[in-house]
Amino acid sequence: PEEEWRRLSDLLPSLIACAHRHEAVLSLDSHHPETVRRALPLGVDWINDVRGFEDAEMVAAVRHADCRLVVMHHLGVPADPAVTLPPDADPVP
């Protein structure tokens, strides 16, 4: 999380401001609740949890957020292309 935030912290406010100036939205893809907690007050429009909000800490981080959420489906992070669902499987049991 610290490395992720180090990479984002200088650029994210400018990206958000630019997006909003052009009536666009900005999505943050992360699986670190710490990053999300830091980014939300800056005005991120969407949070995309690449681990599908399976972490209770991430759910708590966005519980009262004024943004949209993207719940990713994954077989694993990082994904293993050798692991797939059978063609006749129902992905939503």
Treating only the Cβ of Lys, Arg, Asp and Glu as charged (+1, +1, -1, -1), what charge dipole size does the chain show about its Cα centre? Round to the nearest 20 debye.
360
How much accessible area per residue does the chain have, counting only protein heavy atoms and a probe of 1.4 Å, in square angstrom?
70
Neighbour cut-off at most 14 other Cβ (10 Å), DSSP loop, GluC sites (Glu not before Pro), the stretch 1-58
Glu23, Glu54
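Got a number for carbon plus sulfur as a percent of the chain's accessible area, 1.4 Å probe?
On the way: 3660 of 6530 Å².
On the chain, the fraction of accessible area on carbon and sulfur atoms equals 56 percent.
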If you take percent of Cα pairs over 20 Å apart from the coordinates, which of (1) 43; (2) 37; (3) 29 do you get?
(1)
What percent does the relative contact order of the chain come to when contacts are Cα pairs within less than 8 Å and at least six residues apart?
22
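The values are calculated or read from the model by the stated rules, or taken from the named source; none is laboratory data. This one's a predicted model, so the numbers in the text were calculated from it and none came from an experiment. Note: ideal-geometry Cβ built from the backbone for every residue, glycine included; neighbour counts use all protein chains shown. The accessibility values were calculated without ligands, DNA or RNA, using every heavy atom of the protein model including side chains. Shrake-Rupley method; radii C 1.70, N 1.55, O 1.52, S 1.80 Å.
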